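Please treat every number below as a calculation from the coordinates, not as lab data. Please read these numbers as outputs of a predicted model, since none were measured by experiment. Glycine gets a Cβ as well: all are built from the backbone with ideal geometry, and neighbour counts include every protein chain shown.
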Amino acid sequence: MLIIAGINPEALQLTTMLLPQYEPKLTRVLKDSEEYPLPGTDIELEIKVELIPQIIAAITEFGEQWLAQKRSSDDETDRDALRQRCIHFILNEWIKIGDECRQRVKGYAY
């Protein structure tokens, strides 16, 4: 089943950078030939609902791999803090989409 859901443009960009295999499956819905949304505006995606839990799981796994890496310097600790914020940001956006689906699609669970 296809749905249309909004996502933060930065979260979408980071998702496709971290999980490039999903990029072809994340179809943007363009309105009036607008390529870029206004600041603070979500991008609308047409997405298969079954991809949402897959993306959430892949982001979670990616984050766990990052956290499992050993830190040997303060720079790496700072980098890890940035990575952690990045993962939380992206994951929260996809969880928000999953929650929207759950409200709109009867019987949907992720």
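The table below lists the values:
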quantity	calculated
Amide H contacts under 5 Å for Thr27, placed H, 5+ residues apart	Glu46
Debye, to nearest 20: dipole size of region 2-104, +1 on Lys, Arg Cβ, -1 on Asp, Glu Cβ	280
Hull volume in cubic angstrom per residue (convex hull over the Cα atoms of region 2-104)	107
